[in-house]
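Peer 1: Structure below; questions to follow.
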Amino acid sequence: MKKRFRFGNPLETDAVQEKPPLREGEIPFLTQEGKELHYALSPSDIVYGLGENVRGINKRGWIYVSDCSDDPNHTEEKHSLYGAHNFILVSGREQFGVFVDTPGKVTFDIGYTSYSSLRISVEEGEYELYVIEGGSPDEIVSEFRGLIGRSYIPPKWAFGYGQCRWSYLTADEVREVAKGYRENGIPLDMIYLDIDYMERYKDFTIDRGSFPDFEELVQEMKAQGIRLIPIIDGGVKAEEGYDVYEEGMEKGFFCKDEDGREFVVGVWPGKCCLPDMLNEEAGRWFGDKYKFLTDKGIEGFWNDMNEPAIFYSEKRLRDVFEKIEDYRQQENLDINSFFAFKGMVAGLSNHPEDYKSFYHKYRGQRVRHDRVHNLFGYYMTRSAGEALERLSPDRRMLLFSRASYIGMHRYGGIWMGDNQSWWSHILMNLKMLPSLNMCGFLYTGADLGGFGSDATEDLLLRWLALGIFTPLMRNHSAMGTRRQEAYAFEEKESFRGLIRLRYRLLPYLYSEFMKAALGNTMYARPLGFVWGGDEIARHVEDQLMIGESIMIAPVYEQNAIGRTVYLPEEMKMVKFAGEAVCEEKILSKGHHFVEVGLKEAVVFVRKGRLLPLAAAGKNVEDTDWGKLELVHFGVPGDSYELYEDDGFSREMCLEGHVREINL
């Protein structure tokens, strides 16, 4: 049962599409204390949810803050990442879901102040509250997903492997990347373009010095079965003669300061203005700008820097320069003055006071940004998604974002932000998957190999062995770090085999994704959702069910030769050496140590279930789904429902059909 309550006069977010009637009186499960909601946790309670955030699948024991933040160092002491996803599910003595719908800051103290207490604090005190009670965790998630609407569905080619780096600086470098993959027989569907394809980092421009034949390059790559996917940033360079800036100024489409002047911030191009993504007219205007690139054959985009990230505000930078002069005269800084100086400069970026210094025109109201901060990335991607549907009404386009709020899941996916080449971030990648699925974000994945720091060959191989199961499979690294394209290491055969295995798995992965999207279910589930009566399974944090047939348990520790796996029931272990099955073994319920080499991947197939495998090709289109190999733990008569559509039509993905495959 779904119940809705309202407190104060909250701003609309459009996160919820199907709103149940408002109720008054006592809230199920929760007690209200001022601006706080409280629930007494029992010892057995697990708290799931919160989408993209740090720590475990079970969120108990920490404070989490919904406040979209530009922070690439995802360490345990952090409280916020790039998304704000205010849905939690309590499973234990009682089972219920809670969604706090408000565009401002929300704090979830889940057993931190007191391990037996859940406290939810809404900074503004104005919000809509949805409580879903009754049923299993799967049923609660399905009810919630029914409220917030169907998840975004990308084209089928977007389930292929993608290569990205900040930055491929020229058209010839892009050609070299494509050549490196094709010559080494490693499948590839996408090459991503970071900010250097633009003219001096200006949105909706092309640097004709570095990419003189951009249109020809797009078609040349398509002829090889590779799509180019450019980045779009959330700030517009403030420069006379730049048409996007001049149009935005003329139409009044940029965010304003308290005095009604354009609020100027520093981002990649230097001084920028922020398009007022929450202003319906401005959002439509910005979305229509994507036509500049779709007219050149581009079929997908990734939106970045849309928390929004602020290197500095013009006003704060001026103040810091003035204070630096004061410090210059001291000449001798003690510990207090040195750290004050260091903090002053470091504090230029994403300063909380800057987010209180500009305003939006939102549904006829002038609203200060911090009250709607978590909507900026959502509405940027919504503007793009709606524009792409106008520009390409018949074909699905690839679209994903860095910042997000629940509701954006209808318009695009997300990647898990600018992570690091740390072993701990492989595990974080896995733990975020089900949490994001609960909130509607199905098309998601992490930067495989890590964005910052230097990747090692073994780390990337282990990460790929997880990444072959994530809907978004993208290798991405930062400028100045070690090159980590799959052909850049000695063990090219190992990389080739694991990536080809992804393509072999496509019939299953795509089918399970489509079933989850169309049925408001989860693609990746914690073991506790499937085996809720098994206390060991409920507390497993490093294994997941992917779809109906398989459980995964990736290796995420350096120099490990394998790992211990818990099986809640008898299963068949299927080990792949690259793309080929090299071992099948039935294992009993319980703990098992499984050896897994660097070029290997392991899945565990449930009894009575099938895993269809295709013949891998050089890209998704080249992969042969016609004659499927069936890996199974079943008997004659067992079957699998394969989802089939043309892979690109907007309507066809809703009208595709299920073909039953029998053993």
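Peer 1: If the only charges are +1 at each Lys and Arg Cβ and -1 at each Asp and Glu Cβ, what is the size of the charge dipole of the chain around the Cα centre, to the nearest 20 debye?
Peer 2: So the dipole magnitude of the chain works out to roughly 1100 debye.
Peer 1: While we're looking at this one, here's another question. Before rounding to the nearest 500, sum -39500 (n - 2.57) across all DSSP H runs of length at least 4 in the chain and divide by the residue total; then give [θ] at 222 nm in deg cm²/dmol.
Peer 2: -8000 deg cm²/dmol
Peer 1: Here's something else I'd like to know. Arrange the residues 456, 13 by how much accessible surface each exposes, largest first, with a 1.4 angstrom probe.
Peer 2: The residues order as 456, 13, largest area first.
Peer 1: Continuing with this model, one more query. Full-extension gain between residue 19 and residue 63, please, as 0.36 nm times their residue separation minus the C-alpha to C-alpha distance.
Peer 2: Contour length minus the Cα-Cα distance gives 13.0 nm.
Peer 1: Take the Cβ-Cβ distance between residue 389 and residue 662 as r, set R0 to 35 Å, and report the resulting FRET efficiency rounded to the nearest 0.05.
Peer 2: So, using R0 = 35 Å, E works out to roughly 0.40.
Peer 1: Which residues does a label at residue 482 reach in segment 391-435, if reach means a backbone N under 14 Å from a point 7 Å past the Cα toward the Cβ?
Peer 2: It comes to 421-423, nothing else.
Peer 1: Protein chains only, probe 1.4 Å: how do 48, 115 rank by accessible area, largest first?
Peer 2: Highest to lowest solvent-accessible surface, that is 115, 48.
Peer 1: Next question. For the residue pair residue 493 and residue 115, what label-to-label distance in nm results when each label sits 7 Å from Cα along the Cα-to-beta-carbon direction?
Peer 2: Taking the simple label geometry, residue 493 and residue 115 are separated by 5.1 nm.
Peer 1: Over its Cα atoms, what ratio of radius of gyration to 2.2 N^0.38 Å does segment 410-529 give?
Peer 2: Segment 410-529 yields a ratio of 1.07.
Peer 1: Please give the per residue volume of the convex hull enclosing the alpha carbon atoms of the chain, rounded to a whole number of Å³.
Peer 2: In the chain, the Cα hull volume divided by residue count equals 168 Å³.
Peer 1: Could you give me D for segment 324-383, from Stokes-Einstein at 4 °C and 1.567 mPa s, where the hydrodynamic radius is the Kirkwood radius over C-alpha pairs? Units µm² s⁻¹, please.
Peer 2: Calculated translational D: 90 µm²/s.
Peer 1: Given segment 530-663, report the % of alpha carbon pairs whose separation exceeds 26 Å.
Peer 2: Counting pairs separated by more than 26 Å, the tail of P(r) holds 32 percent.
Peer 1: Another question, then. I'd like the carbon and sulfur percentage of the solvent accessible area for the chain, probe radius 1.4 Å, heavy atoms only, ligands and nucleic acids excluded.
Peer 2: Carbon and sulfur atoms account for 47 percent of the accessible area of the chain.
Peer 1: Given the convex hull over the Cα atoms of segment 365-421, what projected area results after averaging over all orientations, in nm²?
Peer 2: Here the figure is 5.5 nm², rounded to one decimal.
Peer 1: May I ask you to compute the full-extension gain from residue 557 to residue 644, defined as 0.36 nm times their residue separation minus their alpha-carbon distance, rounded to one decimal in nm?
Peer 2: Between residue 557 and residue 644, full extension yields 27.6 nm more.
Peer 1: Can you tell me what percent of all Cα-Cα pairs in segment 162-205 are more than 16 Å apart?
Peer 2: Tail fraction, whole percent: 38.
Peer 1: Looking at the chain, do any whole DSSP H helices span at least 27 angstrom along their long axis by alpha carbon and average 0.5 or above on Kyte-Doolittle, and which?
Peer 2: None clear 27 Å together with a mean of 0.5.
Peer 1: Same structure, new question: Collect residues whose amide H, placed 1.01 Å from N in the peptide plane, falls under 5 Å from the amide H of residue 227; neighbours closer than 5 in sequence don't count.
Peer 2: Correct list: 190, 191.
Peer 1: Counting Lys +1, Arg +1, Asp -1, Glu -1, what net charge surrounds residue 158 among other residues with beta carbon under 13 Å of its beta carbon?
Peer 2: Charge balance in the 13 Å sphere: +3.
Peer 1: Here's something else I'd like to know. Relative contact order of segment 526-663: what whole-number percent is it, with Cα pairs under 8 angstrom and at least 6 residues apart?
Peer 2: Over segment 526-663, the number comes to 17 percent.
Peer 1: By per-residue mean of other Cβ atoms within 10 Å, what is the highest-first order of 413-422, 144-153, 16-25?
Peer 2: 413-422, 144-153, 16-25
Peer 1: How much accessible area per residue does the chain have, in Å², with a 1.4 Å probe?
Peer 2: Per residue, the chain has 36 Å² of solvent-accessible surface.
Peer 1: Subtracting the Cα-Cα distance from 0.36 nm times the residue separation, let me have the gained length for residue 281 to residue 585 in nm, one decimal.
Peer 2: Length difference between fully extended and current span is 103.5 nm.
Peer 1: Give, as ranges by residue number, the residues of segment 139-178 whose backbone N falls under 17 Å from the point 7 Å along Cα→Cβ of residue 208.
Peer 2: Inside the label zone: 171.
Peer 1: With the dipole of segment 15-134 worked out from charges on the C-beta (+1 for Lys and Arg, -1 for Asp and Glu) around the Cα centre, which of 111, 84, 131 lies farthest toward the positive end?
Peer 2: Of the listed residues, the answer is 111.
Peer 1: Show 401, 357 ordered by accessible area, largest first, where the area counts protein heavy atoms only and the probe is 1.4 Å.
Peer 2: Ranked from most to least accessible, the order is 357, 401.
Peer 1: I'm checking a number: the convex hull volume of the Cα atoms of segment 80-177, normalised per residue, in Å³. What is it?
Peer 2: It is 194 Å³ per residue.
Peer 1: Quick one: give the max-minus-min coordinate of the C-alpha atoms of segment 200-293 along each principal axis, largest first, in Å.
Peer 2: 53, 27, 19
Peer 1: If we sort 307-319, 335-347, 97-109 on the protection proxy, mean other Cβ atoms within 10 Å, highest first, what's the order?
Peer 2: Ranking, from highest mean packing down: 97-109, 307-319, 335-347.
Peer 1: Take the alpha-carbon positions of segment 332-488, form their convex hull, and give its projected area averaged over all directions (one quarter of the hull surface) in nm².
Peer 2: Projected area, direction-averaged: 14.0 nm².
Peer 1: Which whole-number percent is the relative contact order of the chain (Cα, under 8 Å, 6+ apart)?
Peer 2: For the chain, the relative contact order is 14 percent.
Peer 1: Can you give the net charge of the other residues whose Cβ lies under 10 Å from the Cβ of residue 310, counting K and R as +1 and D and E as -1?
Peer 2: -2
Peer 1: May I ask you to give the average projected area over all directions of the convex hull of the Cα atoms of segment 148-259, in nm² rounded to one decimal?
Peer 2: Computed as one quarter of the Cα hull surface, the answer is 10.5 nm².
Peer 1: Modelling each spin label as a point 7 Å along the Cα-to-Cβ direction, I'd like the residue 344/residue 651 distance in nm, to one decimal.
Peer 2: Using points 7 Å along Cα→Cβ, the separation is 6.4 nm.
Peer 1: Give the Rg (one decimal place) followed by the Dmax (whole number) of segment 185-235, computed from C-alpha coordinates and expressed in Å.
Peer 2: Gyration radius and largest Cα-Cα distance of segment 185-235: 11.9, 39 Å.
Peer 1: Please give the net charge around residue 598, taking every other residue with its beta carbon less than 9 angstrom from that of residue 598, where Lys and Arg add +1 and Asp and Glu add -1.
Peer 2: -2
Peer 1: So what's the gap between the Cα centers of segment 112-134 and segment 56-73, to the nearest angstrom?
Peer 2: After rounding, the separation between the Cα centres reads 15 Å.
Peer 1: By per-residue mean of other Cβ atoms within 10 Å, what is the highest-first order of 621-628, 207-214, 191-198?
Peer 2: The peptides rank, most packed first, as 191-198, 207-214, 621-628.
Peer 1: Can you classify segment 611-663 as rounded, prolate or oblate using the Cα gyration tensor, where a ≥ b ≥ c are the square roots of its eigenvalues, rounded means a/c under 1.5, and otherwise it's prolate if a/b beats b/c and oblate if not?
Peer 2: The shape class here is oblate.
The values are calculated or read from the model by the stated rules, or taken from the named source; none is laboratory data. Values in this document were obtained by computation on a predicted structure and should not be read as measured data. Counting neighbours? That spans all protein chains shown, and the Cβs are built from the backbone with ideal geometry, glycine included. Ligands, DNA and RNA are stripped out before the accessible areas are found, and what is left, the full protein with its side chains, is counted by its heavy atoms. Shrake-Rupley method; radii C 1.70, N 1.55, O 1.52, S 1.80 Å.
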